[in-house]
1. Once R0 is set to 45 Å, what does the formula 1/(1 + (r/R0)^6) return for the Cβ-Cβ distance between PHE45 and LEU152, expressed as a FRET efficiency to the nearest 0.05?
2. At a Cα cut-off below 16 Å, give the aspartates and glutamates reachable from LYS53, other chains included and same-chain residues fewer than 8 away excluded.
3. Return the subset of LYS76/LYS210; LYS143/LYS204; LYS75/LYS142 for which the Cα-Cα distance in this structure is over 18 Å, preserving the input order.
4. At GLU228 and TYR138, where each label point lies 7 Å from the Cα along Cα→Cβ, what is the point-to-point distance in nanometres?
5. Of (1) -0.54, -0.76, -0.89, -1.03; (2) -0.67, -0.88, -1.01, -1.13; (3) -0.60, -0.81, -0.93, -1.04, which is the value of log10 I(q)/I(0) by the Debye sum over Cα atoms at q = 0.11, 0.13, 0.14, 0.15 Å⁻¹ derived from the coordinates here?
Amino acid sequence: LANALLFFYMRNRIYGWLSIYIFFLLLYNLNDFCFDVLIFPSWLFEKFVLIPKFTWIIGATFSSLIVFNRFTDQKKHFPNWYKYSSIFIRVLQFLMPLILIAHLFILDHQNKGIVYLRFAAYTILIAAILFQFLNLFYLSFKKHPAGLFFLLSSGPLIISAFFYFYYMITDINLYILLPGNVINACCFEVILLTIIFIYDYRNKNIERNKLLEESVLAGRRMTVAVLETQEQE
């Protein structure tokens, strides 16, 4: 909610995409940890149960890639990484509504078409997540400040994801904090990213005002110089 308000107040798209990222994280956590018919109206619950939870991970992944690209200014500083990142974003944005429509309107979820679609979505999602990890670690290795900030905020979520997949494979819980590693890691990431973005916006705003003041002073000096020249003439 705070990021949505910042988006409407500051008109900065990065807060809008961060709000969308948080929204998908909320949907995933509701599905995975707090799943109860009492949370939703019955008409919404009937639809919500039809959607596989990895759909929300797809939404979180492509919105996270957009936020990461904008904050690190990859288009300018790392154009090659930006090019491949943009491809993953477009593919995931196309896949997500396709999966939603398929699971909401085709009742037979064992249909071969849906099974192949899910397999393709899983494959592309895993590739996108691995690409983002490599991207993040590369920027951190290059000591890019924004990359280091992202690594700090996303580090707990990366570790939690590893624990989660380990649990899926071995059935051994590695919960460090209740109610779950993923929930706590998501909260940590969202809060830290919001603070970082606000701090970054504040610094850019101060720098922008400083440049504006310098521009005004330069204009005044030029005006004085012109008047003095006219007086001398």
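1. The formula returns an efficiency of 0.75 here.
2. ASP32, ASP36
3. Details: LYS76/LYS210 24 Å; LYS143/LYS204 20 Å; LYS75/LYS142 16 Å.
Flagged as over cut-off: LYS76/LYS210; LYS143/LYS204.
4. 5.3 nm
5. (2)
Each value in this text was obtained by applying a stated rule to the coordinates, not by laboratory testing. These figures come from a predicted structure and were not determined experimentally. Cβ coordinates were reconstructed from backbone atoms using ideal geometry, including for glycine residues, and neighbour counts include every protein chain displayed.
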